[in-house]
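Engineer: Here you go, one structure.
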Amino acid sequence: MSLPSLPGAERSAIIRDAIAVGVATGAYGISFGAVAVSSGLSILQACALSLLVFTGASQFAFIGVIAAGGAPMSGAMTAILLGTRNALYGLRLAPLLQWPGVRRVAAAQILIDESTAMSANRDSVSAARLGFLSTGLAVFVLWNAATLAGALAGTAIGDPRTYGLDAAVGAAFLALLWPSLAVRRNQVVAVLAAAVALGLVPFTAAGVPVLAAGGIALLAGLLRRPVEER
Amino acid sequence: MWLAILVAAVGCYALKLAGLSLPQRVLANPSVERIADFIPVALLAALIAVQVWSAGPSLAIDARTAALAFAVAALLLRAPFLVVVIGAAVVAALVRLV
């Protein structure tokens, strides 16, 4: 590769930040592991989700639907819909990372919120790649180790309701949603989606209300257009 | 369950790879970009609502509502992610003790 190498200080600063982000998300992975087994997954299934799906919000959505008594496939569909956000990250990062063929195929698995945040603001290809790889790998290793630890702990503590773990999931989703709520139109979409989902809870199979709320995103995206063009 | 896990894994990976591989002009379509921005907002809001206020096929207000209220307050005070999540769990556990 003929890319200019980074100065040592910048390299270590990027790697230090990456490890810090990895530790923070790793701690969050413990709660994922614990909630996953309390939702009815085996330890192996919880670990498989973290290794193979590897995108936190989608994983929590999957077990959220299962915990509510929904069919595993509606959990998978909700997880995939939430994963569309990663495709968007990829579109934004591709010109910055400039990875060809095989490297891109390997890098794709660690394309998540954190690796995007730590590479999107770099001013060179080398720095962007280092930020992406170091953060992605740090989170991958710690997230998976934490999932296993959490799953083991979760089986040991019994009913997660005693520790309020079931309530932690709603709080985690709210924390993920929070930054978007600074924008007015997102507030409207969020309230409508929540209302539609709750309205459907008594009448549909678990898992369906959340998927149906995705339709609000579709409608809002399509309906806004004429207003803007006028 | 395993099949669903595999479907979720393949689907989520395909989306990541597609993002890195698709031509940039996809983003130029304003509807695509808006819908993609709205999807996480709508799904997360719906997940919160169902997680906090449903109990099987019925709606319920219980300790989880108190936990969510704590989370809102903590986020308004710009508390870090872990404080929000762990604090909410603690609040729910305490409310259930009372």
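Read-outs: derived from the displayed coordinates by stated rules, not from any lab. Model, not experiment: these values are computed from the prediction. All Cβ positions, glycine included, derive from the backbone under ideal geometry; neighbour counts span all protein chains shown.
Engineer: Please report, in whole Å, how far the alpha carbons of the protein assembly as shown spread along each principal axis, starting with the longest.
Structural biologist: Cα spread of the protein assembly as shown along its principal axes, largest to smallest: 63, 54, 42 Å.
Engineer: Give me a single rounded figure for A:36-47: the average over its residues of other chain Cβ atoms within 10 Å of their Cβ.
Structural biologist: 1
Engineer: So, one more: Show that you can apply the helix-only estimate: for chain A, add -39,500 (n - 2.57) for every DSSP H stretch of four or more residues, divide by all residues, and state [θ] at 222 nm to the nearest 500.
Structural biologist: -25000 deg cm²/dmol
Engineer: Name the residue from B:A67, B:A36, B:Y13 whose Cα lies farthest towards the positive end of the charge dipole of chain B, charges +1 on Cβ of Lys and Arg and -1 on Cβ of Asp and Glu.
Structural biologist: My answer, from the dipole projection, is B:Y13.
Engineer: Taking only Cα atoms and a 10 Å spring cutoff, compute GNM fluctuations for chain A and point out the largest among A:V169, A:V189, A:V53.
Structural biologist: A:V189
Engineer: Turning to a different aspect of this structure: Dividing the convex hull volume of the alpha carbon atoms of chain B by its residue count, what do you get in Å³ per residue?
Structural biologist: Expressed per residue, the convex hull around the Cα atoms of chain B is 176 Å³.
Engineer: What is the range A:40-153 by shape, rounded, prolate or oblate, if you read a ≥ b ≥ c off the alpha carbon gyration tensor as root eigenvalues and call it rounded for a/c under 1.5, prolate for a/b larger than b/c, and oblate otherwise?
Structural biologist: Prolate, since a/c reaches 1.5 and a/b exceeds b/c.
Engineer: What average count of beta carbons from other chains do you get within 10 Å of the Cβ of residues in B:17-28?
Structural biologist: Working: counts 9, 6, 15, 15, 8, 4, 2, 4, 1, 3, 3, 0.
Partner Cβ neighbours, averaged per residue: 6.
Engineer: Only Lys, Arg, Asp and Glu count, each charged at its Cβ (+1, +1, -1, -1), so figure out the dipole size of the range A:87-155 about its Cα centre, rounded to 20 debye. Provide the component values of the computation, followed by the final result.
Structural biologist: Working: 5 positive and 3 negative charges, 46 e Å.
Roughly 220 debye for the range A:87-155.
Engineer: Oh, and also: Return the average number of partner chain Cβ atoms within 10 angstrom of each residue Cβ along peptide A:184-197.
Structural biologist: Values: counts 0, 4, 6, 2, 2, 6, 9, 2, 3, 11, 10, 3, 4, 11.
Mean shielding by partner chains, rounded to a whole number: 5.
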